[in-house]
1. When you check LEU295 against the structure, is it surrounded by fewer than 19 Cβ atoms within 10 Å (Cβ to Cβ), of a type in the set (A, V, I, L, M) and not in a loop (DSSP other than H, G, I, E, B), yes or no?
2. Just to be sure I understand, how many residues within the stretch 298-317 are in contact with a Phe, Trp or Tyr (Cβ under 6 Å, 6 or more places away or on another chain) and surrounded by 18 or more Cβ atoms within 10 Å (Cβ to Cβ)?
3. For a quick check of your reading of the model, give me the residue pairs whose first member lies in the stretch 86-107 and is at negative phi, whose second is part of a helix (DSSP H, G or I) and of a type in the set (Phe, Trp, Tyr), with beta-carbon atoms closer than 6 Å and at least 6 apart or on different chains.
4. Which helices (runs of 4 or more DSSP H) does the stretch 1-111 wholly contain that include 3 or more residues that are at pLDDT below 50?
5. Just for the stretch 127-155: of the residues that are among the hydroxyl-bearing types (Ser, Thr, Tyr) and within 14 Å of MET288 (Cα to Cα), which one is modelled with the lowest pLDDT?
6. Looking at the stretch 150-168, which of its residues are touching a helix residue (DSSP H, G or I) at 6+ places or on another chain (Cβ under 9 Å) and either of a type in the set (Gly, Ala, Ser) or surrounded by fewer than 24 Cβ atoms within 10 Å (Cβ to Cβ) (or both)?
Amino acid sequence: MKKLLALLLALVMVFALAACGEEPAPAGTDNPGAAESADPGAEAGGIKVGLTTMGEASFWDAVAEGVQNVMHEGDELVFVEGEHGNAAGQVGIIEDFITQGCDVVLFNPVDADAASSCLDLLEDAGIPVINFDSPCTDMSTVESFCATDNYAAGVLAADFMAEEHPEGGTVAVLVYESAASCVARCEGFIDRITEIGGWEVVTELDGGNTTDAALPVAEDILTTYPDLDCIFAGNDEMGLGAYSAITSAGADVDLYSVNGGPEAKAMMQQDGEEGVWRATSAQSPIKMGEQSMELAYRYLDGEELEDEYLIDPFIINPANVEEYAASDWQ
């Protein structure tokens, strides 16, 4: 009996020593304890990115293309274009982004002032925001801003116009007051021609941000100022309305704008070097999308961002348009 008890005690000690010497399974193996403690986010994959814009246009599609160019494998893009002028509708888009669990939002406001409602919702949800193209009026909860240097785009257009009209002249300006980006372009343009001298801005009117809205405004300008030399449009969409008004009236008026979009490029190609549309200060929405997404990644990685990152514009005109005509956007 004593021999049996001694044998059983020896066996218990052997098993105990073996258990004490066992090495834990490395993380990521079939060890159940490791599986339970793993980060569920890491197992789920990448991040979800919300992208919303002030309207529907090929420009915003090009921004989305740029975003997708630099997105990491496994990340998801939720791209919803806003409805032109519908700030309340964009609030609904942001609410949906929050419901879907977006990790970061790339935000282009329908209305710079009304954007605070969207930003408040995102701040409450703890979702970081990269504002792009057109700044919000209140930037206090935005991590960074990425855009074309819109003021410089207006200056560039003014310089080109002045080179073509060294004697100066009269010019009308079409602006879209609800978009800070467009306002900045027109400010740059007016500041520059004032500095150059010899120019008179006969009127500055809101062109409504679309071709259809700008057309009757431009027609009224041509009627009111029959000796007008030039029109500057804060974007190509309004520029196309001005172009239609000028060509329909047979007016001898030169057109300058900002964007470098398919509208301007198509008219320049159609009309040749003596055409009405003299130049557009071009943006690269593809590059804007790429840089905005890169900023989002940098922020999520813990990097402190600068307040703004500006992209230099450049001139597209009838003489060089073929270099940029292969695609809608640069």
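1. When the stated conditions are applied, LEU295 does not pass them.
2. 2
3. Here the result reads VAL105/PHE97, each pair linking the stretch 86-107 to a residue that is part of a helix (DSSP H, G or I) and of a type in the set (Phe, Trp, Tyr).
4. Result: 2-20, 32-37, 40-44.
5. Residue satisfying both the conditions and the ranking: SER134.
6. TYR151, ALA152, ALA153, GLY154, VAL155, ALA157, ALA158, ASP159, ALA162, GLY168
Condition check ((1) outside the structural domain of ILE221 (by TED's automatic domain parsing); (2) touching a residue at least 12 places away in the same chain (Cβ under 8 Å); (3) basic (Lys, Arg)) across all residues:
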{"position": "ALA242", "(1), (2), (3)": "no, yes, no"}
{"position": "ALA249", "(1), (2), (3)": "no, yes, no"}
{"position": "VAL253", "(1), (2), (3)": "no, yes, no"}
{"position": "GLY261", "(1), (2), (3)": "no, yes, no"}
{"position": "MET268", "(1), (2), (3)": "no, yes, no"}
{"position": "GLU273", "(1), (2), (3)": "no, yes, no"}
{"position": "ARG278", "(1), (2), (3)": "no, yes, yes"}
{"position": "LEU295", "(1), (2), (3)": "yes, yes, no"}
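To keep it simple, each residue is scored yes or no on (1) closer than 18 Å to ASP312 by Cα; (2) surrounded by 24 or more Cβ atoms within 10 Å (Cβ to Cβ); (3) touching a Ser or Thr at 6+ places or on another chain (Cβ under 6 Å).
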{"position": "THR224", "(1), (2), (3)": "no, no, no"}
{"position": "SER257", "(1), (2), (3)": "yes, yes, yes"}
{"position": "GLN270", "(1), (2), (3)": "no, no, no"}
{"position": "SER281", "(1), (2), (3)": "yes, yes, no"}
{"position": "ILE286", "(1), (2), (3)": "yes, no, no"}
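The values are calculated or read from the model by the stated rules, or taken from the named source; none is laboratory data. This is a predicted model, so every value here is computed, not measured. Cβ atoms come from the backbone with ideal geometry, glycine included; neighbour counts cover every protein chain shown.
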